[in-house]
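The values are calculated or read from the model by the stated rules, or taken from the named source; none is laboratory data. All figures in this text were calculated on a predicted structure; none of them were measured in a lab. A quick note on method: Cβ atoms are made from the backbone with ideal geometry, for glycine too, and the neighbour counts reach across all protein chains shown.
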Amino acid sequence: MQATQEKRRAEDISAVLYPNDATEYGRELRLKQQIFFVSAGLQDSFARFKEQHSDFNEFPSKAVFTMNDTHPTIAVAELMRLLIDTEGLEWDNAWAITCKALAFTNHTVMPEALEKWPVSVMTKLLPRHMEIINKIDTLWKGSLADKVKAQIEAEPKAEAKASKGKGLIEDTEAGEDPVDAALAKYGIICENPWEKGVKLVNMAFMAVIGSKSTNGVAAIHSDIIKHTIFKDFYEIYPEKFQNKTNGVTPRRWLAYCNPGLRELITKTLGSNEWIKHLDQLSGLKQHAGDKELQAQWRAVKQENKERLANYIKANVGVDVPTNAMYDVQIKRIHEYKRQHLNMFSIINRYLEIKAASPEERKKFVPRVCVFGGKAASAYYMAKKMIRLVTAVGEVVNNDAEVGDLLKVIFLPDYNVSLAEVIIPAAEMSHHISTAGTEGSGTSNMKFQMNGCLILGTMDGANVEIAQEIGKENMFVFGVDAEDVPRLREERANFKDYDPRWVKVMDALLSGQFGDADYFQDLVDNVNDMTKSNDWFLLANDFADYLRAQKDADELYKDQDEWTRRSILYTAGSGFFSSDRCIDDYAREIWEVKPVPVPSS
Ligand SMILES: *Cc1c(COP(=O)(O)O)cnc(C)c1O
């Protein structure tokens, strides 16, 4: 029994990627998984390095590792451990190598994704790593002590007292050394703000300190991290901070998944070289107004819509029209991505259709609204959001008065293969995060390549997409990132509810879409300031969002203009190729040069 138990416990470590972190066991399993994969990767590279080299000072010129998000950041301590304990290097030498061989890419500012491991868990599972992390922390803070002392001394005493709560000594408690107090904000090891006395390891801080560079994944995101989560580190070494705007592979996300468009583009440009040099898509721009091309462009989209309609029929059993606007939101289900904002506008549309006369109904642009996305298995509110889509779908899709004017579909088991079917068929897609919360987004780029118009906020890579294709060609709404902190503070007093918002909330709570109790929490979270504070500012952005939706409806009635824009989207997508992105990493972080691939 014990022999097989051991084996099972070992196999557990790599059985499922990102185990559920709702339980203690799941969390420990995550840490075990992280150190397992990181250590395996580093040890493998050590073995290959040693086949040809013996001096580890050369290691960073042969191998650079990008720590992709905080999950593999234990690499800082593990690389130190390997260099010191197995290769016999001195600390200072090992640290210099580590800081050249590692780089860090941050993907999000959401606090739940910035891992902080309890020191107790770390000590239990990885005692040697904890020892190393403690030493890194001590040396790091020690290196800042002089600077901090000078700052404190430069701060005039009287003024410091007068501006209590503002200066460097704001948090000094009686008896605490003011230098130690001022150094606390730089610490890798920090106090859990919600549990006094519990110490945590801030993995992102360790990654910034123990690496050659830190980058965000879109221009706005790289800028935000410099002034928010890594502010104090940016002040110390601004040169470490970079931007690498994400990209997606045009092979999969255009040439392979959309053969109709691939052929049309190749015919229009006179060659298929664009597949390797995506910038060449800009050659489409001059043809965007060509009525002949527009008609062919629409025919390709129509074929793709029919393919998706068949998929929907086969998988969820709903007949959807193919002459409606295909409006898509597919991405992880998360409150910050605001699938529920989209759903509230769909409910509003439904209520408006119901209230309209048969004559007025003819003016509505028919829509097929498609949702897809996975969620973290322990994410309570995400389940409510998914149920909201299916519950509204059950009512709307079966309402004879509505007919083909509105269909609401949730496609289960979202993954890359499904995205390859949905994206080429989409005419408008949603990228509507609260400004400042989306790192980059990459599906926005996939949709753009496939000539799908974007309804979005000025967040993540949407900002750069707007620069490439012209903001006036997108449906943009919502508050800007710089206004979000202030609006959040003012939420408690928010009174400016749009009357349409109130009707939507009433419809949900009256049970018009089934079990009102089930949706109570979801509504309270955005609508009841005594219970929550609408952190993601749905109520705030709602009216402007409906305005953008209306703009989209109006434009859809002019199919030539819609298609012209669609062509401009594809023409302006060259920058978002992963070839450009990887090239930027290669030159500016990994410092590797391309080598010719021998032809067969
Ligand atoms: C592209 C892609 C994502 C990322 O989508 P965003 O909208 O950028 O968050 C997630 N899941 C799958 C399957 C994808 O193909």
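Filter the stretch 249-263 for residues that are surrounded by fewer than 22 Cβ atoms within 10 Å (Cβ to Cβ) and not small (Gly, Ala, Ser) and give the result.
Thr249, Arg251, Arg252, Tyr256, Pro259, Arg262, Glu263 - these are the residues of the stretch 249-263 that are surrounded by fewer than 22 Cβ atoms within 10 Å (Cβ to Cβ) and not small (Gly, Ala, Ser).
For the structure I just gave you, tell me whether Leu284 is within 16 Å of the ligand (Cβ to nearest atom) and among the aliphatic types (A, V, I, L, M).
Details: within 16 Å of the ligand (Cβ to nearest atom): no; among the aliphatic types (A, V, I, L, M): yes.
It is false that Leu284 is within 16 Å of the ligand (Cβ to nearest atom) and among the aliphatic types (A, V, I, L, M).
Which number in (1) surrounded by 17 or more Cβ atoms within 10 Å (Cβ to Cβ); (2) farther than 20 Å from Ile422 by Cβ; (3) more than 16 Å from the ligand (Cβ to nearest atom) marks the one condition that Thr266 misses?
Answer for Thr266: the failing condition is (1).
Looking at the structure I just gave you, is Ser120 assigned to a helix (DSSP H, G or I), of a type in the set (S, T, N, Q) and either surrounded by fewer than 19 Cβ atoms within 10 Å (Cβ to Cβ) or in contact with a Pro (Cβ under 6 Å, 6 or more places away or on another chain) (or both)? Show your work before the answer.
Values: assigned to a helix (DSSP H, G or I): yes; of a type in the set (S, T, N, Q): yes; either surrounded by fewer than 19 Cβ atoms within 10 Å (Cβ to Cβ) or in contact with a Pro (Cβ under 6 Å, 6 or more places away or on another chain) (or both): yes.
Here the answer is yes, as Ser120 does meet what is asked.
Please go through the stretch 332-362 and pick out each residue that is in a loop (DSSP other than H, G, I, E, B) and either aliphatic (A, V, I, L, M) or closer than 22 Å to Ala507 by Cβ (or both).
Listed by number, the residues that qualify are Ile333, Arg338, Ala356, Ser357.
Ala378 - would you say it is at pLDDT below 95 and at negative phi?
So Ala378 fits the description; yes.
Which pairs do you get when a residue that is within 12 Å of Leu411 (Cβ to Cβ), found in the stretch 318-334, comes within reach of a residue that is more than 9 Å from the ligand (Cβ to nearest atom) and in a loop (DSSP other than H, G, I, E, B), reach meaning Cβ atoms under 8 angstrom, with the pair 6+ apart or on two chains?
Within 8 Å, the pairs are Val318/Asn397; Val328/Ala426; Val328/Cys452; Gln329/Ile432.
Would the stretch 18-37 turn up any residue that is over 17 Å from Trp117 (Cα atoms), within 27 Å of the chain's Cα centre (by Cα) and surrounded by fewer than 12 Cβ atoms within 10 Å (Cβ to Cβ)?
No, the stretch 18-37 contains no residue that is over 17 Å from Trp117 (Cα atoms), within 27 Å of the chain's Cα centre (by Cα) and surrounded by fewer than 12 Cβ atoms within 10 Å (Cβ to Cβ).
Could you please let me know if Gly456 is within 16 Å of the ligand (Cβ to nearest atom), buried (at least 19 other Cβ atoms within 10 Å of the Cβ) and within 17 Å of Leu538 (Cβ to Cβ)?
yes
Using the structure shown, decide if Ala391 is more than 11 Å from the ligand (Cβ to nearest atom), part of a helix (DSSP H, G or I), assigned by TED's automatic domain parsing to the domain that holds Arg565 and farther than 19 Å from Leu308 by Cα.
Judged against the criteria, Ala391 is a match.
Consider Trp95 carefully, then state whether it is under 30 Å from Asp459 (Cβ atoms) and at pLDDT 95 or above.
The answer is no for Trp95.
Give the residues of the stretch 382-397 that are over 13 Å from Leu508 (Cβ atoms), of a type in the set (D, E, K, R) and within 27 Å of the chain's Cα centre (by Cα), sorted by residue number.
Passing the criteria: only Lys383.
Could you check, for the stretch 10-24, whether at least one of its residues is within 26 Å of Ile136 (Cα to Cα), touching a residue at least 12 places away in the same chain (Cβ under 8 Å) and outside any helix (DSSP H, G or I)? Talk me through it step by step, then tell me what you get.
Start the filter on the stretch 10-24 by keeping residues that are within 26 Å of Ile136 (Cα to Cα), which leaves none.
No - not one qualifying residue is present in the stretch 10-24.
Specify the residue that is nearest to Lys407 (Cα to Cα); the eligible residues are those in the stretch 310-329 that are of a type in the set (D, E, K, R) and more than 16 Å from the ligand (Cβ to nearest atom). It would help to see each step written out before you state the result.
Of all residues in the stretch 310-329, those of a type in the set (D, E, K, R) come to 313, 319, 327.
Filter once more, keeping what is more than 16 Å from the ligand (Cβ to nearest atom): 313, 319.
Details: Lys313: 12, Asp319: 9 Å.
Filtering the stretch 310-329 for residues that are of a type in the set (D, E, K, R) and more than 16 Å from the ligand (Cβ to nearest atom), the one nearest to Lys407 (Cα to Cα) comes out as Asp319.
Whether any residue in the stretch 559-569 is among the hydroxyl-bearing types (Ser, Thr, Tyr) and in contact with a Cys (Cβ under 9 Å, 6 or more places away or on another chain) is what I want to check.
To start, the set of residues in the stretch 559-569 that are among the hydroxyl-bearing types (Ser, Thr, Tyr) comprises 563, 566, 569.
Then drop every residue that is not in contact with a Cys (Cβ under 9 Å, 6 or more places away or on another chain), which leaves 566, 569.
Yes, the conditions are met somewhere in the stretch 559-569.
Sort out which residues of the stretch 172-199 are assigned to a helix (DSSP H, G or I) and modelled with pLDDT of 90 or more, and write them in order of number.
Leu183, Ala184, Lys185, Tyr186, listed by residue number.
Could you please let me know if Asn246 is within 16 Å of the ligand (Cβ to nearest atom) and buried (at least 18 other Cβ atoms within 10 Å of the Cβ)?
yes
Looking only at the stretch 363-373, which residues are surrounded by 15 or more Cβ atoms within 10 Å (Cβ to Cβ) and outside any strand (DSSP E or B)?
Phe364, Val365, Pro366, Gly373, listed by residue number.
Which members of the stretch 126-140 meet the condition of being surrounded by 17 or more Cβ atoms within 10 Å (Cβ to Cβ), of a type in the set (A, V, I, L, M, F, W, C) and in a helix (DSSP H, G or I)?
Met130, Ile132, Ile133, Ile136, Trp140
Find the residue count for the stretch 310-331, including only residues that are outside any loop (DSSP other than H, G, I, E, B), out of contact with any Pro (no Cβ under 8 Å at 6 or more places or on another chain) and among the aliphatic types (A, V, I, L, M).
4
Being at pLDDT 95 or above, within 16 Å of the ligand (Cβ to nearest atom), closer than 25 Å to Phe364 by Cα and of a type in the set (Lys, Arg) narrows it down to one of Arg332, Arg338, Arg307, Arg298, so name that one.
Just one listed residue meets the conditions, Arg338.
In the list Asp483, Asp515, which residue meets the criterion of being acidic (Asp, Glu), more than 30 Å from Asn68 (Cα to Cα) and away from the ligand (no atom under 16 Å from the Cβ)? Working first, answer last.
On the way: Asp483 fails: more than 30 Å from Asn68 (Cα to Cα).
It is Asp515.
Select from the stretch 396-436 the residues that are of a type outside the set (D, E, K, R) and surrounded by fewer than 16 Cβ atoms within 10 Å (Cβ to Cβ) and write down the one among them that is farthest from the ligand (Cβ to nearest atom).
Ranking the qualifying residues of the stretch 396-436, first place goes to Ala400.
Between a residue in the stretch 373-389 that is closer than 18 Å to Asn415 by Cβ and any residue that is modelled with pLDDT under 95, which pairs come within a Cβ distance under 6 Å, given they are 6 or more apart or on different chains?
Matching pairs, first to second residue: Ser377/Asn20; Ala382/Ala375.
For a quick check of your reading: which helices (runs of 4 or more DSSP H) sit entirely within the stretch 477-566 and have at least 2 residues that are under 29 Å from Asn462 (Cα atoms) and under 25 Å from the mean Cα position of the chain (by Cα)?
On the way: elements: 484-490, 499-509, 516-527, 538-556.
Correct list: 484-490, 516-527, 538-556.
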